[in-house]
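What follows is a short report on a single structure.
Readers should treat all values here as calculations from the given coordinates under stated rules, not as data from a laboratory. Just so you know, these numbers come straight off a predicted model, no measurement behind them. Cβ: placed from backbone, ideal geometry, glycine included. Neighbour counts: every protein chain shown.
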């Protein structure tokens, strides 16, 4: 809980830097490349669906998928 709270405060205090980083890194990533970005988004979604499916069906008896569940669980 303490580490989570510290991270939350850090994110709040540095939110302007995070926004600037996003703007420099990826805000215009798809500008002029919409077709590529659609294909990329589709690929990433299929990959995430594959991972979620395997986590759901295999995490009880497979250590790898159990760890994947632990990584993804906070994001759902």
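Under a point spin-label approximation (7 Å from Cα along Cα-to-Cβ), what is the residue 16-residue 60 distance to one decimal in nm?
5.3
Kindly provide the helix-only [θ] at 222 nm of the chain, computed as the sum of -39,500 (n - 2.57) over DSSP H runs of four or more divided by all residues, to the nearest 500 deg cm²/dmol?
That comes out to -25000 deg cm²/dmol.
Please arrange 69, 21 by counting, for each residue, the other beta carbons lying within 10 Å of its beta carbon, fewest first.
21, 69
Scan (1) 5.5; (2) 6.0; (3) 7.2 for the value of mean projected area of the Cα convex hull in nm² calculated from this model and give just the label.
(3)
Stretch residue 41-residue 75 to full length: gain in nm at 0.36 nm per residue minus the Cα-Cα span?
Details: separation 34, 0.36 × 34 = 12.24 nm, distance 1.79 nm.
Additional length available on full extension: 10.4 nm.
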